[in-house]
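One structure is given below, encoded as structure tokens.
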Amino acid sequence: MCEWLEQACFYEIYPQSFYDTDGDGIGDLNGIIEKLDYIARLGCNALWINPCFVSPFYDAGYDVADYCKIAPRYGTNEDARRLFKKAHEKGIRVLFDLVPGHTSIDHEWFIRSMEKKKNEYSGRYIWTENPWEHFAGMKNITGYLNGICERGTCAVNFYTTQPALNYGFAEPDPDKPWQISPEHPDARATKEAMWDIMEFWLSMGCDGFRIDMAHSMIKNDEDGKETIKFWQEIRRRLDTKFPEAVIISEWGEPDRSIEAGFHMDFLLHFGPSHYNDLFRDHPYFAGKGDLSEFIPYYKMVSKKAGDRGLICIPSSNHDMARISRHLSERELKLAFAFLLSMPGAPFIYYGDEIGMRYMEELPSVEGGYERTGSRTPMQWDRTLNAGFSSARTQDLYLPVDPEEDYPDVATQMSDPDSLYHTVKEQIRLRKEYKSLHNYASVTFIQDGTDGKSLVYLREGRSGRKDDSVKILVAINPSKEERIIPLEGLRTDQLIYQCGQVSAGQDRIEMEGESAAYFTVRED
Ligand code: NOJ
């Protein structure tokens, strides 16, 4: 286990939209450096920065053209080095976003691999050598690219501008020579090239990576076994050479990803986790729906992960609607009371701490489509462009929220009742009490089914006993008062509350839409 993860609290930054220091209408690395104090003051001590490498930006940078070079619009490699250094001085770790499953069509590897004549990159992508032979029904291949060169059809990992890198197939079909095994020299060479990239940034001071589409490495890998092996080897190398570095997967199935060696995995808006039941669709935290599917899934994956890895529930991310889309300000406070008191490392998407809005029906920018509405500039204050940039408003990467009452950092900092201060206080408590740390265990007392509240006990570190005081968390998102029977537990101090909450000998009374954290008395 990597010790610093015990208390890590992440802040995700979409670099295009965080803070622009050179007035070109787009955020940059120097902008992140300038705002490190803001992040530290909020209480976050780790960053995940979306891809900031050279790219044609057909998919906002998830289509990399040079993995080892910062895109000029964000700055230089020297700026990245300075960012690592300055962040470390403030106790903040920095994860970059690594996209190992595909490159952009502009990457030199792909350009060389299109050549008919065999060269060092011929096997870096998956080519059928026949323009009419495609990949229908093959797991982890989303489509194909054909007609662009003599070599025929190339497998695609996401958009057609993102050809899939070749790490091999789980069960290669002997009649299809382009299906190679993960041990084939071409597949090994691709893996080595990706490891070199990891080493490049880690040696410069980067603290690890969020791994894009981590489940997608090996093709036709029905049960994920070969992909699990793939990552286990990377993890062994990291443990040997960069033991402090961490990897978090975009996999969304912790029962597989933690076994694969990831330190952390997300629960996501797609996949089996029922994440949407919390904050979206029929959000539990808006007093609708229930958690009858989420909680059993959560318990199952937590049991499998045990002490080996963290299950992370993000507030939102750059691919889904912001958490504020379906929740009122009060409901957001309850949702954060949950997010910041659950095990796993918290991940706060920039701007969620002030309730930035999802902007409906924005025209798509850089392949964002409906995701574009979650990617608008951070709103710092009430000056030009909400303090994001000095560029002309029409030159911004995306428009800022046009509503007069748009939420902003400066206003919320000066209002003690704001969402910003609520989130900050919840993070502070999470740090103060060991039982709220990332690896400490959770036991559900009421599990949010049948209109019930969500009540759980946090204690010690899972699998180990320590002397930390236990914390009882109770959240009542319904509109009605709820009485929570305590059955053998005795509350001590009320350390956090949102709304009216009172504790008696054997029960807690909570008004509608309220939340509380109590220390628990041990007799
Ligand atoms: C997942 C990323 O989060 C998303 O933004 C991107 O479009 C796809 N992977 C493809 O890389």
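Structure data summary
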| read-out | value |
| --- | --- |
| Test item: Cα-centred dipole of the chain, Lys/Arg +1 and Asp/Glu -1 on Cβ, debye | 1120 debye |
| Backbone N within the stretch 181-203 under 15 Å of label point (7 Å from Thr240 Cα along the Cβ vector) | 192, 195-196, 199 |
| Added length on full extension, which subtracts the Cα-Cα distance from 0.36 nm per residue, Thr449 to Arg507 | 19.0 nm |
| Convex hull volume per residue in cubic angstrom - Cα atoms of the chain | 146 Å³ |
| Rounded to 10°, Cα long-axis angle of helix 419-432 versus longest principal axis of the chain | 90 degrees |
| Gain in span if fully extended, Gln232 to Glu108, counting 0.36 nm per residue against the direct Cα distance | 41.8 nm |
| Normalised contact order of the chain, rounded percent, pairs of Cα under 8 Å and 6 or more residues apart | 12 percent |
| P(r) tail fraction, the stretch 122-183 - alpha-carbon pairs more than 17 Å apart, % | 31 percent |
| Label-zone membership for the stretch 57-101, site Tyr369, 7 angstrom Cα→C-beta point, backbone N under 15 Å | 58-60 |
| Surface/4 of the Cα convex hull for the stretch 1-98, nm² | 6.4 nm² |
| Across Lys304/Lys479; Lys85/Lys304; Lys299/Lys333, pairs whose alpha-carbon gap is larger than 26 Å | Lys304/Lys479; Lys85/Lys304 |
| Positive-end extreme of charge dipole, the stretch 361-485 - chosen from Gln412, Val423, Val455 (charges on Cβ) | Val455 |
| On Cα atoms only, tilt of 225-241 relative to the major axis of the chain in degrees | 80 degrees |
| 0 to 90° range, to nearest 10: angle between helix 329-339 axis and the chain longest Cα axis | 70 degrees |
| Quarter of Cα convex hull surface for the stretch 61-220, i.e. mean projection, nm² | 9.8 nm² |
| Sites matching trypsin sites (Lys or Arg not before Pro) across the stretch 426-523 that sit in DSSP coil, with at most 10 neighbouring C-beta atoms within 10 Å | Arg464, Lys465, Lys479 |
| Where labels lie 7 Å past Cα in the beta-carbon direction, separation of Glu432 and Glu487 in nm | 2.9 nm |
| Over the chain: helical MRE at 222 nm, DSSP H runs n ≥ 4 each giving -39500 (n - 2.57), nearest 500 | -6500 deg cm²/dmol |
| Alpha-carbon Rg/Rh ratio, for the stretch 217-281, with Rh computed the Kirkwood way | 1.05 |
| Extension reserve of the Met204-Lys90 stretch, reckoned as 0.36 nm per residue once the Cα distance is removed | 39.3 nm |
| Low-density loop positions, GluC sites (Glu not before Pro), the stretch 145-207 - DSSP coil, at most 16 other Cβ in 10 Å | Glu150, Glu183 |
| Filtered trypsin sites (Lys or Arg not before Pro), the stretch 255-326: DSSP coil and at most 16 other beta carbons within 10 Å | Lys288, Arg308 |
| Simple spin-label estimate for Arg382 and Ala136 in nanometres, 7 Å along Cα-Cβ | 6.1 nm |
| Stokes-Einstein D for the stretch 406-523, Kirkwood Rh over Cα pairs, 20 °C, 1.002 mPa s (µm²/s) | 141 µm²/s |
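Just so you know, all these numbers are worked out from the coordinates, no wet-lab data involved. Computed from a predicted model, the values in this text were never measured in an experiment. For neighbour counting, all protein chains shown are included, and Cβ atoms are generated from backbone atoms with ideal geometry for every residue, glycine included.
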